[in-house]
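A short worksheet on the structure shown next.
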Amino acid sequence: MTTTIQEQDGKMVAILKGCLDTAAAPETEKAMSPLNDVEGKDIIIDCTEMEYISSAGLRIFLAILQNAEEKGRQVYIKGINDNVRTIFTITGFINIFKFM
Amino acid sequence: MKKSKLSRHITWHVIGIMSFFNVLIIGAILVFVFRVSLVNSDMRGQYVVDGIEGKIESTLWAVHVGASNSRNEIERNMESPEQVFDALEREITVNQFMGCFAAFEPDYFEGQGRWFEAYLYHADPSTSSGIDSAHLERQQIGSPSHDYFNGPWYKKGLSRDRQGMGYLTVPYFDNSVDSAMYCSYVLPIVDRQGRKVGVYGVDLDYLWFNEVFSEVEKMVKREFFDNDENLQDRNGNIYFSVQMIDDKGNRILGSDSLDINILKAEQEDAFGNLGMKDLKGTPYYVNFKSIPYTDWTVAVIQHRNLVFAWGKILALVILLCMGIGCIVIFFFTRRSIRRATKPLGFLSESAKEVAKGNFDAPLPTFEHNDEVAQLRDSFDNMQQSLVKYIEDLKETTAQKASIESDLRIASEIQKGMLPEKFPTKEDRDDVQIFASLTPAKEVGGDLFDFYFRDEKLFFCIGDVSGKGVPASLFMAVIRSTFRTVSAHESMPDRIVTTMNKTIADMNKTLMFVTLFVGVLDLPTGRLHYCNAGHDAPLLIGTGVGELPCDNNIPVGFRPTWEYTLQETQIFTGTTIFLFTDGLTEAMDVDKAQFQMERVNDVATQALAQQQQEPRQLISMMTEAVHQFVGDAEQSDDLTMMAIQYIKENNQ
């Protein structure tokens with residue numbers, strides 16, 4: 001599981017690669033924490049190369065969303081595969097995130 | 001304590017270095033002593049040869065004064081042989097010579113033939129108490145048998161400068177007169193025209209020279225050795241000798257029995273006047289000095305043992321001192337090094353004690369604040385750190401044991417929250433239920449619950465995000481909230497919405513739970529349900545199918561979310577199979593997931609085998625998962641609940 005954060009066109013982009021399971025969650029949460037300190041920029045979570053997400057992973061997404069919404073920013077999720085999309089659908093997360 | 005290897009190592013190292021420099025120093029000292037001995041002996045030799053040369057030269061000077069006056073007298077009277085004889089006679093009387101002669105060039109006097117040598121001498125010198133003309137004999141000794149022209153004395157005498165010194169011959173036997181040994185001092189005779197016409201000579205007694213020489217020799221020996229006799233060592237080797245030799249290396253003067261032939265090897269060097277020489281092949285060193293106006297050479301010969309006598313003693317004393325010094329240093333060094341390294345041995349013993357687990361092993365104390373003491377302090381530090389570390393470890397271990405014990409208790413408490421008694425068809429005529437919950441750790445975040453109220457079955461299944469203790473705490477909250485809320489609400493959407501509000505308001509950690517809440521009306525089989533982000537249950541009746549579910553979000557973080565209500569009809573014999581993602585996402589060793597397809601397959605298989613009753617179904621499903629997972633560690637909590645509606649009168 002690798003997490004890369006970079007700025008693109010005035011947006012913060014977090015690129016996640018691999019399997020975001022419960023074991024990888026604490027590390028990923030730490031790696032994505034800089035996103036919570038960013039002011040005034042929207043966030044894109046690039047999941048093109050993410051194979052799987054567990055409920056602990058969803059919690060990280062949720063925390064970022066919550067934080068961003070408090071600051072009036074948007075969070076977009078990009079490029080999820082069918083497997084991950086199913087998880088987002090089942091859990092209802094598809095209702096609270098914006099996708100691009 | 002066994003002998004320290006380190007101390008031995010250091011000792012030998014130090015001794016090795018010391019020995020190396022010792023050898024260098026000893027070598028330098030020996031070379032120095034050798035040189036000093038040679039220089040010292042050379043100076044002694046030079047001093048003696050200079051002294052003897054001076055003595056002989058001054059003696060010769062006295063002879064020269066008389067002889068040159070006589071020669072002048074001859075030069076004034078050499079008109080005829082008689083005149084020459086008369087002049088000789090006058091001079092021998094005045095100067096008291098033993099004998100004198102005048103030899104002339106070939107055919108100098110007419111009628112005298114080729115050779116003419118006028119010779120005047122005392123006929124019987126042994127009886128003479130004075131010189132008078134009565135005992136003088138005149139002789140003309142030049143003849144073919146005494147062909148003096150080729151005699152060295154004649155040639156040398158003739159070759160001299162009239163104004164300068166003459167020439168002293170080597171001693172010889174004068175067979176022509178008597179058998180005594182003489183030396184002659186010769187000077188050239190020059191006529192009025194300045195031509196050299198002959199040689200004038202004075203006989204000098206060899207014994208007289210010998211006396212002069214012996215005196216000097218004895219004086220020298222007394223001066224250097226307090227002994228004027230033969231200087232011999234215990235082996236009979238003469239160790240100091242003074243000799244006068246001729247140009248052939250034969251002895252002229254000299255009292256002792258030294259074999260003079262050892263000098264002959266030096267002949268080619270003409271007994272040069274340079275410094276002391278080593279006589280190769282003999283144990284002797286020699287100083288030469290040639291006596292001017294002669295072919296004599298004085299030689300001082302010194303035995304090796306004399307040359308190096310003091311040097312040997314000096315060298316021996318130095319070597320002895322250094323040897324004793326070395327031994328003393330060796331013992332002191334060894335003792336010091338042993339004393340210095342001994343504490344290391346003690347420390348080593350202490351270390352062994354510590355290694356055995358005896359952390360309080362006392363450390364030796366040292367007087368000096370050197371490296372060893374520093375090592376000891378470091379060691380002490382380490383010991384204390386070890387003690388503290390071990391104490392910490394014990395404490396941590398104890399804490400861990402305590403936590404494990406707490407977890408076991410927590411696990412029991414959590415199990416206690418779950419329904420333990422599952423109704424079967426023997427107990428009830430409307431439903432039979434079975435469930436199983438296997439946490440990945442001691443405690444988990446999965447939950448299920450069911451109870452009956454007002455002819456209704458209230459049930460739920462949920463999965464808290466994450467696992468372990470945090471999840472288990474959250475699970476306890478969810479479970480008690482479900483019970484509290486469902487006690488007065490009968491519609492699942494109301495139950496879930498109320499639960500969500502309650503929990504989201506106090507949820508700082510953003511944990512959430514996916515929850516399926518169902519309320520089954522037992523008399524009619526009508527099922528009301530609300531799914532908050534949970535996996536859709538399977539319905540296993542005439543076939544296998546998923547219960548359609550709205551995509552509501554999980555419970556716990558959006559207090560304003562309005563959950564939707566759904567409903568369906570459950571027919572008699574149909575089993576509702578609820579599960580958490582621990583089932584679909586159970587992983588084998590290669591991280592492959594069990595997947596929904598397999599769940600469907602097992603359910604279909606169960607239906608085909610008439611095994612859809614709750615207990616049988618869960619047993620089959622558990623078996624299938626175990627087979628799939630194999631030896632892999634359980635990655636997530638796994639919960640299954642099956643509810644079969646069996647009310648007959650509905651049909």
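The values are calculated or read from the model by the stated rules, or taken from the named source; none is laboratory data. Keep in mind that what you see is a predicted model, and the values were worked out from it rather than measured. In this analysis, Cβ positions are derived from the backbone assuming ideal geometry, glycine residues included, and neighbour counts consider all displayed protein chains.
Scan segment B:531-574 for residues that are hydrophobic (A, V, I, L, M, F, W, C) and within 11 Å of chain A (Cβ to nearest Cβ) and jot them down. B:Ala532, B:Ala536, B:Cys549, B:Ile553, B:Val555, B:Phe557, B:Trp561, listed by residue number. The set of residues in segment B:60-71 being polar (S, T, N, Q) and buried (at least 17 other Cβ atoms within 10 Å of the Cβ) consists of B:Ser68, B:Ser70.
Criterion applied to B:Gln46, B:Gln83 was being touching a Gly at 6+ places or on another chain (Cβ under 8 Å), assigned by TED's automatic domain parsing to the domain that holds B:Ser241 and not in a loop (DSSP other than H, G, I, E, B), and the one residue passing it is B:Gln46. Restricting to segment B:453-465, name every residue that is out of contact with any Gly (no Cβ under 6 Å at 6 or more places or on another chain) and within 14 Å of chain A (Cβ to nearest Cβ). Correct list: B:Ile461, B:Gly462, B:Asp463, B:Ser465. Annotation: of all residues in segment A:44-66 being of a type in the set (Val, Ile, Thr) and closer than 22 Å to B:Thr584 by Cβ, the one that is nearest to the other protein chains (Cβ to nearest Cβ) is A:Ile60. Among the residues making up segment B:589-620, those that are acidic (Asp, Glu) and either exposed (fewer than 15 other Cβ atoms within 10 Å of the Cβ) or within 14 Å of chain A (Cβ to nearest Cβ) (or both) are B:Asp590, B:Glu597, B:Asp601. Between B:Thr502, B:Thr498, B:Thr481, which is free of Cβ contacts under 8 Å to residues at least 24 places away in the same chain, in the same structural domain as B:Asp581 (by TED's automatic domain parsing), in contact with a Pro (Cβ under 9 Å, 6 or more places away or on another chain) and not in a loop (DSSP other than H, G, I, E, B)? Of the residues listed, the single one that is free of Cβ contacts under 8 Å to residues at least 24 places away in the same chain, in the same structural domain as B:Asp581 (by TED's automatic domain parsing), in contact with a Pro (Cβ under 9 Å, 6 or more places away or on another chain) and not in a loop (DSSP other than H, G, I, E, B) is B:Thr502. Being in the same structural domain as B:Pro423 (by TED's automatic domain parsing), crowded, with 19+ Cβ neighbours inside 10 Å and in a helix (DSSP H, G or I) is a condition met by no residue of segment B:634-651.
Residue-wise test of (1) crowded, with 19+ Cβ neighbours inside 10 Å; (2) over 27 Å from B:Asp636 (Cβ atoms); (3) at pLDDT 90 or above; (4) not assigned by TED's automatic domain parsing to the domain that holds B:Asp636.
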position: B:Ile409; (1), (2), (3), (4): no, no, no, yes
position: B:Leu437; (1), (2), (3), (4): yes, no, yes, no
position: B:Gly445; (1), (2), (3), (4): yes, no, no, no
position: B:Arg453; (1), (2), (3), (4): no, yes, yes, no
position: B:Phe458; (1), (2), (3), (4): yes, no, yes, no
position: B:Ser486; (1), (2), (3), (4): yes, no, yes, no
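Contact annotation: residue pairs with Cβ atoms under 7 Å, 6 or more positions apart or on different chains, pairing a residue in segment B:61-89 that is closer than 11 Å to B:Tyr185 by Cβ with a partner that is charged (D, E, K, R), are B:Ser70/B:Glu91. Filtered by the rule that a residue be within 30 Å of B:Leu207 (Cβ to Cβ) and touching a helix residue (DSSP H, G or I) at 6+ places or on another chain (Cβ under 7 Å), segment B:100-114 gives B:Cys100, B:Ala102, B:Ala103.
Every condition in (1) touching a strand residue (DSSP E or B) at 6+ places or on another chain (Cβ under 7 Å); (2) surrounded by fewer than 20 Cβ atoms within 10 Å (Cβ to Cβ); (3) at pLDDT 85 or above holds for B:Lys312 except the one numbered (1). Checked against the criterion of being within 13 Å of chain A (Cβ to nearest Cβ) and closer than 24 Å to B:Ile576 by Cβ, the candidates B:Met475, B:Met499, B:Met511, B:Met491 yield just one match: B:Met475.
Just name the residue that is farthest from B:Gln566 (Cα to Cα) out of those in segment B:508-518 that are of a type outside the set (S, T, N, Q) and surrounded by fewer than 24 Cβ atoms within 10 Å (Cβ to Cβ). Per the criteria, the residue is B:Lys508. Number of residues in segment B:353-364 that are aliphatic (A, V, I, L, M), in contact with a helix residue (DSSP H, G or I) (Cβ under 8 Å, 6 or more places away or on another chain) and either closer than 11 Å to B:Pro343 by Cα or outside any loop (DSSP other than H, G, I, E, B) (or both) equals 2. B:Met506 fulfils the conditions (1) within 14 Å of chain A (Cβ to nearest Cβ); (2) farther than 19 Å from A:Thr89 by Cβ; (3) of a type in the set (A, V, I, L, M, F, W, C) except for a single criterion, (1).
Selection over segment A:81-90 of residues that are more than 10 Å from chain B (Cβ to nearest Cβ) and part of a helix (DSSP H, G or I) gives a count of 3. Hey, any hits in segment B:400-407 for a residue that's under 18 Å from B:Thr639 (Cβ atoms) and in contact (Cβ under 8 Å) with a residue 40 or more places away in the chain? Among the residues of segment B:400-407, not one is under 18 Å from B:Thr639 (Cβ atoms) and in contact (Cβ under 8 Å) with a residue 40 or more places away in the chain, which makes the answer no. Can you pull out the residues in segment B:91-108 that are crowded, with 16+ Cβ neighbours inside 10 Å and at pLDDT 85 or above? Across segment B:91-108, the qualifying residues are B:Glu91, B:Ile92, B:Gly99, B:Cys100, B:Phe101, B:Ala102, B:Ala103, B:Phe104, B:Glu105, B:Tyr108. Any idea which of B:Glu420, B:Glu412, B:Glu404, B:Glu367 is part of a loop (DSSP other than H, G, I, E, B) and within 30 Å of B:Ser436 (Cα to Cα)? Answer to the selection: B:Glu420. Residue count for segment A:13-37 satisfying the condition of being more than 13 Å from chain B (Cβ to nearest Cβ) and in a loop (DSSP other than H, G, I, E, B): 0. Considering only residues in segment A:91-100 that are aromatic (Phe, Trp, Tyr) and more than 7 Å from chain B (Cβ to nearest Cβ), the one that is farthest from A:Gln66 (Cα to Cα) turns out to be A:Phe99.
Contact map, segment B:424-441: residues that are among the aromatic types (Phe, Trp, Tyr) paired with residues that are not in a loop (DSSP other than H, G, I, E, B), Cβ distance under 6 Å, separation 6+ or inter-chain. Pairs shown: B:Phe434/B:Pro614; B:Phe434/B:Arg615; B:Phe434/B:Ile618; B:Phe434/B:Ala642. For segment B:293-342, filtering for residues that are charged (D, E, K, R) and either closer than 19 Å to B:Ser37 by Cα or not assigned by TED's automatic domain parsing to the domain that holds B:Val23 (or both) leaves 2. Kindly indicate whether any position in segment A:67-80 is closer than 29 Å to B:Ser635 by Cα, out of contact with any helix residue (DSSP H, G or I) (no Cβ under 6 Å at 6 or more places or on another chain), assigned to a helix (DSSP H, G or I) and within 11 Å of chain B (Cβ to nearest Cβ). No: segment A:67-80 contains no residue that is closer than 29 Å to B:Ser635 by Cα, out of contact with any helix residue (DSSP H, G or I) (no Cβ under 6 Å at 6 or more places or on another chain), assigned to a helix (DSSP H, G or I) and within 11 Å of chain B (Cβ to nearest Cβ).
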